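Novice: Starting off with a structure, shown below.
The values are calculated or read from the model by the stated rules, or taken from the named source; none is laboratory data. All values derive from a computational prediction rather than experimental measurement. Ideal geometry is used to build each Cβ from the backbone, glycine not excepted, and the neighbour counts take in all protein chains shown. These area figures cover heavy atoms from the full protein model, side chains too; ligands, DNA and RNA do not enter into them. Shrake-Rupley method; radii C 1.70, N 1.55, O 1.52, S 1.80 Å.
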Amino acid sequence: MEFDGTFTRSWIQRFADSVSATEPELTVLDQRAGDGDFGTNLRTGLALAARELAALPDGPLPAAAPLEATARAFLDGVGGTSGPLFGLLFQELSTAVAAAGPSVRVAALAAGTGAGLAAIQRVGEAVPGDKTLVDALAPAARELQRFSPGGRPDRALAAAARGAWQGVQSTTLLRAHRGRASYLGDRASGVPDPGAVGVALFFTTANAHVVSLTSRLAGPGTASGREEAPL
């Protein structure tokens with residue numbers, strides 16, 4: 001497998017397809033723990049990203065190009081809280097991947113995810129335990145840092161996805177201290193944070209389509225989910 005622009009373009013396309021498939025579930029989660037618009041905003045950003053991707057030149061692309069296009073779509077076109085935060089993650093990933101060369105490398109994924117986490121925390125002022133997307137992004141970043149820098153990027157991203165889903169599970173029992181959910185008090189208890197779910201979906205779709213969140217959100221030991229291999 002080549003970890004070039006074809007890989008990152010397909011990754012974003014799988015993310016878009018998976019968000020489209022699970023948008024009703026994301027909306028229900030956010031209706032219970034937020035404004036109810038997270039799934040719609042995420043799908044809107046990915047629809048805009050699809051237009052950006054379609055405008056890229058035909059032929060081989062550097063791995064950073066689809067990530068940069070996605071960052072541009074989210075930062076320029078998506079409102080609410082989540083759009084700009086996801087845009088920052090894509091932007092930092094694209095910058096780190098571009099600096100590493102035409103192909104994705106594990107060290108660049110670790111650097112970009114770590115920089116994205118830092119940028120999101122600067123803007124949103126959230127820390128792990130606040131019941132936000134940071135609770136999934138922080139463990140994903142740790143898993144990438146632990147992975148061998150010379151290893152396969154797809155395997156590193158699978159490890160990041162596992163860490164992110166564990167983070168999602170941790171948000172279920174947390175009381176929110178940031179975002180709309182913080183105003184709901186105990187009413188949001190027992191509901192995983194939708195932004196954290198979105199982060200976990202992103203890392204999962206590096207390797208697979210996700211067609212349902214049901215088993216992933218059912219509890220520990222059921223994190224396989226319903227997936228379809230991309231090939």
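Novice: Can you pull out the residues in segment 80-114 that are out of contact with any helix residue (DSSP H, G or I) (no Cβ under 6 Å at 6 or more places or on another chain) and either farther than 25 Å from Gly36 by Cα or at pLDDT 95 or above (or both)?
Specialist: Thr95, Ala99, Gly101, Pro102, Ser103, Arg105, Ala107
Novice: Related question: Under 6 Å by Cβ, and 6 or more places apart or on different chains, what pairs join a residue from segment 104-131 that is of a type in the set (Lys, Arg) with one that is buried (at least 22 other Cβ atoms within 10 Å of the Cβ) and outside any helix (DSSP H, G or I)?
Specialist: The qualifying pairs are Lys131/Ala176; Lys131/Asp193.
Novice: Would you be able to tell me the number of residues in segment 33-61 that are open to solvent by 20 Å² or more (accessible area, probe 1.4 Å), of a type outside the set (Ser, Thr, Tyr) and under 15 Å from the mean Cα position of the chain (by Cα)?
Specialist: So the answer is 2.
Novice: Can you tell me which condition Ala136 does not meet? The list is (1) closer than 26 Å to Asp35 by Cβ; (2) open to solvent by less than 50 Å² (accessible area, probe 1.4 Å); (3) not in a helix (DSSP H, G or I), and all the others hold.
Specialist: Of (1) closer than 26 Å to Asp35 by Cβ; (2) open to solvent by less than 50 Å² (accessible area, probe 1.4 Å); (3) not in a helix (DSSP H, G or I), only one is false for Ala136: (3).
Novice: Could you list, in sequence order, the residues of segment 95-107 that are open to solvent by 10 Å² or more (accessible area, probe 1.4 Å) and either under 15 Å from the mean Cα position of the chain (by Cα) or farther than 19 Å from Leu53 by Cβ (or both)?
Specialist: Ala96, Ala99, Ala100, Gly101, Arg105, Ala107, listed by residue number.
Novice: When you check Leu174 against the structure, is it modelled with pLDDT under 85 and not in a helix (DSSP H, G or I), yes or no?
Specialist: In short, yes.
Novice: Would you mind finding the one in Gly151, Gly198 that is open to solvent by less than 10 Å² (accessible area, probe 1.4 Å) and modelled with pLDDT of 95 or more?
Specialist: The conditions single out Gly198.
Novice: Can you name the condition, by its number, that Thr113 falls short on among (1) surrounded by fewer than 24 Cβ atoms within 10 Å (Cβ to Cβ); (2) closer than 19 Å to Leu67 by Cβ; (3) of a type outside the set (A, V, I, L, M)?
Specialist: With respect to (1) surrounded by fewer than 24 Cβ atoms within 10 Å (Cβ to Cβ); (2) closer than 19 Å to Leu67 by Cβ; (3) of a type outside the set (A, V, I, L, M), Thr113 is out only on (1).
Novice: Residues being modelled with pLDDT of 95 or more, open to solvent by less than 40 Å² (accessible area, probe 1.4 Å) and either over 18 Å from Phe203 (Cβ atoms) or not hydrophobic (A, V, I, L, M, F, W, C) (or both): count how many of those fall in segment 64-79.
Specialist: Of the residues in segment 64-79, 5 are modelled with pLDDT of 95 or more, open to solvent by less than 40 Å² (accessible area, probe 1.4 Å) and either over 18 Å from Phe203 (Cβ atoms) or not hydrophobic (A, V, I, L, M, F, W, C) (or both).
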